[in-house]
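The values are calculated or read from the model by the stated rules, or taken from the named source; none is laboratory data. Please read all numbers here as calculations on a predicted model, not as lab measurements. Neighbour counts are summed over all protein chains in view; Cβ atoms, including those assigned to glycine, are modelled from backbone coordinates with ideal geometry.
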Amino acid sequence: MPHIQLPDDVPGIRSLVMYRPDTGKPLYDLAQVLLRGDSPLSTAERELIATYVSARNHCNFCTQSHEAAARALFGDEREVVDFVLNEYETAPVSDKMKALLTIAGRVQTDARTVSDADVTRAREHGATDRDIHDTVLIAATFCMFNRYVDGLATLSPTDSAVYEPMGERLAQQGYALPNPAPQL
């Protein structure tokens with residue numbers, strides 16, 4: 001049960017955006033830029049970072065919705081998402097992606113623990129300054145999104161099948177604002 005009155009049957013951040021469109025629009029715009037805008041990282045890789053951070057934060061809604069989007073974007077290689085969530089160091093992703101996930105995990109836990117060695121490892125595997133920047137910003141942003149969604153106890157379905165169409169929509173359309181509802 002949400003801590004505040006939100007639109008019925010609208011899960012996660014979508015309900016919060018409908019409640020406060022004035023704050024929701026900049027959040028959606030940020031998600032669109034980070035996850036669909038110009039970046040040397042693929043959209044699938046960026047969704048994977050968002051999923052990984054959300055899972056580490058135990059945010060069910062964000063984990064499942066971005067997991068579904070990442071799977072849709074990875075297509076035939078969709079099982080990569082499960083491997084990363086179970087043990088990213090042995091997952092079938094590039095060494096560069098493993099190094100970036102290490103950085104994302106440090107940002108999630110305590111951003112001050114991102115070390116020169118972490119950044120050097122990422123660079124040794126081909127990461128650019130932009131890759132590192134985008135990884136840190138995605139990880140930091142999703143920590144905020146996770147806490148926003150969970151801090152207000154938004155609706156978070158537990159059935160993963162509910163998230164599949166959401167993931168397809170995110171993969172195809174990106175981060176479009178939901179139809180506005182009257183403010184409560």
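Scanning the stretch 15-49 for residues that are of a type in the set (G, A, S) and out of contact with any Ser or Thr (no Cβ under 8 Å at 6 or more places or on another chain) gives G24, G37, S39, S42, A44.
A search for C-beta distances below 9 Å between a residue of the stretch 156-177 that is in contact (Cβ under 8 Å) with a residue 60 or more places away in the chain and within 21 Å of P7 (Cα to Cα) and any residue that is loosely packed, with under 14 Cβ neighbours inside 10 Å and basic (K, R), counting only pairs 6+ apart in sequence or on different chains, returns L177/K25. The single residue among Q64, Q5 that is over 20 Å from V162 (Cβ atoms) and modelled with pLDDT of 95 or more turns out to be Q5.
Selection over the stretch 59-79 of residues that are closer than 27 Å to L152 by Cβ and without any contact (Cβ under 8 Å) to a residue 60 or more places away in the chain gives a count of 1. The residue that is surrounded by the most Cβ atoms within 10 Å (Cβ to Cβ), among those in the stretch 135-171 that are over 19 Å from T109 (Cβ atoms) and of a type in the set (D, E), is E164. When V114 is evaluated against the numbered criteria (1) among the hydrophobic types (A, V, I, L, M, F, W, C); (2) out of contact with any helix residue (DSSP H, G or I) (no Cβ under 6 Å at 6 or more places or on another chain); (3) closer than 24 Å to D38 by Cβ, which criterion, by number, is the only one it fails? The number of the failed condition is (2). For A99, indicate whether it is aliphatic (A, V, I, L, M) and more than 20 Å from D134 (Cβ to Cβ). It is false that A99 is aliphatic (A, V, I, L, M) and more than 20 Å from D134 (Cβ to Cβ).
Residue by residue, here is whether (1) under 17 Å from A55 (Cβ atoms); (2) free of Cβ contacts under 8 Å to residues at least 24 places away in the same chain holds:
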| residue | (1), (2) |
| --- | --- |
| V81 | yes, no |
| N86 | yes, yes |
| M97 | yes, no |
| T113 | no, yes |
| A127 | no, no |
| T135 | yes, no |
| F142 | yes, no |
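Against the conditions (1) more than 17 Å from L27 (Cα to Cα); (2) over 15 Å from the mean Cα position of the chain (by Cα), M166 satisfies every one except (2). Residues that are touching a residue at least 40 places away in the same chain (Cβ under 8 Å) and either in contact with a His (Cβ under 6 Å, 6 or more places away or on another chain) or more than 13 Å from I49 (Cβ to Cβ) (or both) within the stretch 99-109 comprise just one, T109.
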